[in-house]
Amino acid sequence: MDTNQHEIYEYARKRIRQKKGLYFHFVLFLLGSIFLFIANKWIGISEQNNWYIWAITSWLFVFVLHFIKVFITDSFMNKNWEREQINRLMTTQEKKIEQLKNEVENQKPIE
């Protein structure tokens, strides 16, 4: 397996691991939400407050952030994007260095 194929394989493996973690988080969220609902309604832990709604809403917010990271952010900010950004910054730096060299060469020497 050459370097490029190995890199593609590692990226695919990382993405699968991320998606698997997200699916596990979703199942855990559902089971936890059911448990919190049962704890509030049937066991009677502070029924008048409906505290479980705040806990489930907070957990849902964290799950949505996890979803955004896996399916939105990481899908377009991958290795190719990273390489492109590095190349663009290197090109910009090389242009600035060349410009500074030209400025130094064109300056009159101090006598």
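Annotations
- Residues considered: Ala12, Ala55. Of these, the only one that is surrounded by 12 or more Cβ atoms within 10 Å (Cβ to Cβ), in a helix (DSSP H, G or I) and among the aliphatic types (A, V, I, L, M) is Ala55.
- Given (1) assigned to a helix (DSSP H, G or I); (2) exposed (fewer than 11 other Cβ atoms within 10 Å of the Cβ), index of the condition Gly44 fails: (1)
- Residues of region 76-111 satisfying the condition of being part of a helix (DSSP H, G or I) and touching a residue at least 60 places away in the same chain (Cβ under 8 Å): Lys79
- Any chance Ile72 is on the phi < 0 side of the Ramachandran plot and loosely packed, with under 12 Cβ neighbours inside 10 Å: yes
- When residues of region 58-69 are limited to those that are open to solvent by less than 80 Å² (accessible area, probe 1.4 Å) and of a type in the set (Phe, Trp, Tyr), the one nearest to Arg15 (Cα to Cα): Phe63
- From Gln107, Gln48, Gln99, Gln85, residue being modelled with pLDDT of 85 or more and farther than 30 Å from Lys14 by Cα: Gln99
- Residues considered: Asn102, Asn87, Asn80. Of these, the only one that is surrounded by 10 or more Cβ atoms within 10 Å (Cβ to Cβ) and either among the aromatic types (Phe, Trp, Tyr) or closer than 30 Å to His25 by Cα (or both) is Asn80.
The values are calculated or read from the model by the stated rules, or taken from the named source; none is laboratory data. Please read these numbers as outputs of a predicted model, since none were measured by experiment. As a convention, Cβ positions derive from the backbone with ideal geometry for all residues, glycine included, and neighbour counts pool all protein chains shown. Please note that ligands, DNA and RNA were not included when accessible areas were found on the heavy atoms of the full protein model with its side chains. Shrake-Rupley method; radii C 1.70, N 1.55, O 1.52, S 1.80 Å.
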